[in-house]
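Take a look at the structure set out below.
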Amino acid sequence: MLPVLPVLVPLAAAVLSLAAWGRPRAQRAIGVAGTAGLLAAGLALLARVSAGGIQVVRLGGWPSPFGIAFVADLLSAILVTLAGVMGLAGAWASVAAVDGPRQANGHWPALLVLLAGVAGAFLTGDLFNLYVWFEVFLMASFVLLALGGTRPQLAGAIRYVVMNLLSSTLFLVAAGLLYGMAGTLDLAELSLRLRAHPSPALVSAVGMVLLAAWGIKAAIFPVFAWLPPSYAAPPAPVAALFSGLLTKVGFYAMLRVFTLVLAPAGAVPRGLILALAALTMVTGVLGAVAQGEIRRILAFHSVSQMGYLLLGLGLGTPLALAGAIAFLVHHSLVKSNLFLVSGAVERIAGTDRLDRLGGLWASRAGLGVVFLVTAFSLAGIPPLTGFWAKLALLRAGVEAGAWGMVAVAAGVGVLTLFSMTKIWSEAFWKAAPAAGPGEAAAAAPGETGPGLLLPAGALALLVVGLGLSAGPALALAERAAAGLADPSAYVRAVLGPGGAP
């Protein structure tokens, strides 16, 4: 039952948290313990899959394609472990940076349900249940986004829920069409039945619907307008979780289904994915350069960096897929950490507007070091994680002869470094501006507390550690990518020895 534990642990913790309603200290303890349990389950699953191959659990004993299957291959195990890391960091930071009323009114159960939904999406072997898990974490994320009831939060929450409901509708329509075409929604069975489907045009049309549905959830061009206001409004730990996990689940769905189910049928043109990758990178980074608030800069970079993931998917070679997996892990870590840093800055200075910030290096050198490490990794400075992930993608582009995409990716990296330098010079390096009438004064030293700074520091150390151990990390990503490039082992594990083509 190991593949099911990453879902059961946070769900059980969510039930316990609801039972402890009105006891905030107990809820905090349950929340932190539940996220730690998710991380432990993810690490155990990763070790099992790495040593013993793909793990499959069929609930109720029903065989595929009739039963509900949980399938853990190397990609799923890596991402579940990543969800545990993000969840524990977010829970740790929530203790200090989420105010009492929010914690007392559903923050902890919603956070745990969100993590259960994300883990379920990574582990399900069925397209309909992928839709179900999407809806689980959509509801939980809406609660986290709207808690507090401030005007910016509600405005962001409305955009978020409207766009994601549109995405879910498109997803459900595509799932219904696929079921009508193939008589199953089991991913492994779909992979076999769509290869010989008599209407390739219909398969391609369904692929386009899924691209639109998951493109909204992943916030790619041109359907990313919901993301900046949604990520700029909630508390920093919530924004960190959203940036680190939610858009990545949308990309994971593309990565899984477009390689396992639709690639053999040629349903989604790679040229279209590459064009969307270039437009996502460019529009996102230009939006970031134009912003004057740290949170909005980071939110637009969340859009821009999705383009690199699409680049790996569009190229489709084993090296490109390995680069996309490495980049997904890198981006989740660094972008979540940058949102935690932005929360610390806002608690210290009372604002994240760059024109009202300054002097943080002199008073908060430790925070400055954490920001520099994470920002340099985002921009792709060696030897940090971003450098190795981008290098793999650029090498894949060169090998494929996609010189235009290589030039776009390199140029976007330069602009990313520029916007990170702008944050550094305005918030940390320049002298602190004098507070005007009615403006918030800087917080007293130490007010941010270890509850927010320590998880940010831990994630920064993880970024450094993964960068310095790039060889084993990339080797693991290459093994996961090999399973995507040749999905026969996945199909055989789910359907049995006679199921692989």
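The values are calculated or read from the model by the stated rules, or taken from the named source; none is laboratory data. What you see is a predicted model; the values in this text were computed from it and never measured. In this analysis, Cβ positions are derived from the backbone assuming ideal geometry, glycine residues included, and neighbour counts consider all displayed protein chains. For the accessible areas, the whole protein counts, side chains as well, though only heavy atoms, and no ligand, DNA or RNA atoms are used. Shrake-Rupley method; radii C 1.70, N 1.55, O 1.52, S 1.80 Å.
For the chain, what is the charge dipole size about the Cα centre, in debye to the nearest 20, if Lys and Arg each add +1 at the Cβ and Asp and Glu each add -1 at the Cβ?
Numbers: 27 positive and 16 negative charges, 44 e Å.
It works out to roughly 220 debye.
When the Cα centres of the range 304-374 and the range 38-79 are compared, how far apart do they sit, in Å?
30 Å
Take the alpha-carbon positions of the range 21-167, form their convex hull, and give its projected area averaged over all directions (one quarter of the hull surface) in nm². Walk me through the numbers before you get to the answer.
Working: hull surface 39.3 nm².
So the Cα hull casts an average projection of 9.8 nm².
Leaving ligands, DNA and RNA out of it, work out the accessible area of M281 with a 1.4 Å probe and give it in Å² to the nearest 10.
Roughly 0 Å² of M281 is accessible to a 1.4 Å probe.
For all pairs of alpha-carbon atoms in the chain, what percent lies in each bin of width 10 Å, listed from the first bin to the last filled one?
Reading the bins upward from 0: 4, 21, 32, 27, 12, 3, 1, 0.
At q = 0.11, 0.13, 0.17 Å⁻¹, what base-10 log of I(q)/I(0) does the Debye formula yield for the range 287-424 when every alpha carbon is treated as an equal point scatterer in vacuo?
-0.40, -0.54, -0.85
Please list V369, V257 in order of solvent-accessible area, largest first, computed with a 1.4 Å probe with all protein chains present. The partial results should precede the final answer.
On the way: V369 75, V257 5 Å².
Heavy-atom accessible area, descending, gives V369, V257.
So what does W388 come to for accessible area, using a 1.4 Å probe and Å² rounded to 10?
Roughly 80 Å² of W388 is accessible to a 1.4 Å probe.
Heavy atoms only, 1.4 Å probe, whole protein assembly: order L202, L378, L276 by accessible area, highest first. Working shown, then result.
Details: L202 70, L378 0, L276 25 Å².
In descending accessible area the options line up as L202, L276, L378.
Computed on alpha carbon atoms, what radius of gyration and Dmax characterise the range 98-162, expressed in Å?
Every Cα atom of the range 98-162 included, Rg and Dmax give 13.0, 40 Å.
Among G42, G22, V345, whose Cα sits farthest toward the positive end of the charge dipole of the chain (+1 at Cβ of Lys/Arg, -1 at Cβ of Asp/Glu, about the Cα centre)?
It is G22.
Net charge near A239: determine it from the other residues with C-beta under 10 Å of the C-beta of A239, scoring Lys and Arg +1 and Asp and Glu -1.
Values: positive: R295, K335; negative: none.
With Lys, Arg at +1 and Asp, Glu at -1, the net is +2.
Once the Cα atoms of the range 320-370 are picked out, what are the Rg and Dmax in Å?
14.5, 43
Run the 1.4 Å probe and let me know the accessible area of W361, rounded to the nearest 10 Å².
Rounded to the nearest 10, the figure is 90 Å².
So what is the orientation-averaged projected area of the range 272-341, using the convex hull of its C-alpha atoms, in nm²?
4.3 nm²
Pairwise over distinct Cα atoms, reciprocal of the mean inverse distance: report the Kirkwood radius of the range 33-81 in Å, one decimal place. If you can, show how the numbers build up before the last one.
On the way: mean 1/r = 0.0872 Å⁻¹.
By the Kirkwood definition, the hydrodynamic radius is 11.5 Å.
At q = 0.21, 0.22 Å⁻¹, what is the log10 ratio I(q)/I(0) for the range 101-222, with the Debye formula run over Cα points and no solvent?
Each listed q maps to, in turn, -1.18, -1.25.
Accessible area, 1.4 Å probe, largest first: how do D486, D126 sort? Walk me through the intermediate numbers first.
Working: D486 90, D126 20 Å².
Largest to smallest exposure gives the sequence D486, D126.
For the range 224-363, what is the per residue volume of the convex hull drawn over the alpha-carbon atoms, in cubic angstrom?
Working: hull volume 14.6 nm³, N = 140.
Expressed per residue, the convex hull around the Cα atoms of the range 224-363 is 105 Å³.
So what's the range 1-63 giving for Rg/Rh, alpha carbon basis, Kirkwood Rh from the mean inverse pair distance?
When Rh is taken as the Kirkwood radius, the ratio is 1.12.
Once you mark the trypsin sites (Lys or Arg not before Pro) that are in a DSSP loop and have at most 16 other Cβ atoms within 10 Å, what is the longest gap between them in the chain? Present the calculation step by step, with values, prior to reporting the outcome.
On the way: sites that count: R195, K430.
Longest gap between qualifying sites, sites excluded: 196-429.
For the range 141-212, report the convex hull volume of the alpha-carbon atoms normalised per residue, in Å³, without decimals.
Numbers: hull volume 6.2 nm³, N = 72.
Hull volume normalised by residue count: 85 Å³.
Please grab the % of Cα pairs in the range 376-417 that end up more than 14 Å from each other. List each step's numbers first, then the result.
Values: 380 of 861 pairs.
Everything past 14 Å amounts to 44 percent.
To the nearest whole percent, what portion of all C-alpha pairs in the range 179-307 is separated by more than 24 angstrom? Numbers along the way, then the final one.
Details: 3015 of 8256 pairs.
The share of Cα pairs beyond 24 Å in the range 179-307 comes to 37 percent.
Could you compute how fast the range 59-107 diffuses translationally, taking Rh as the Kirkwood radius over C-alpha pairs and applying Stokes-Einstein at 4 °C with viscosity 1.567 mPa s? Give it in µm² per second. Walk me through the numbers on the way to the answer.
On the way: Rh = 13.8 Å.
The estimated diffusion coefficient comes to 94 µm²/s.
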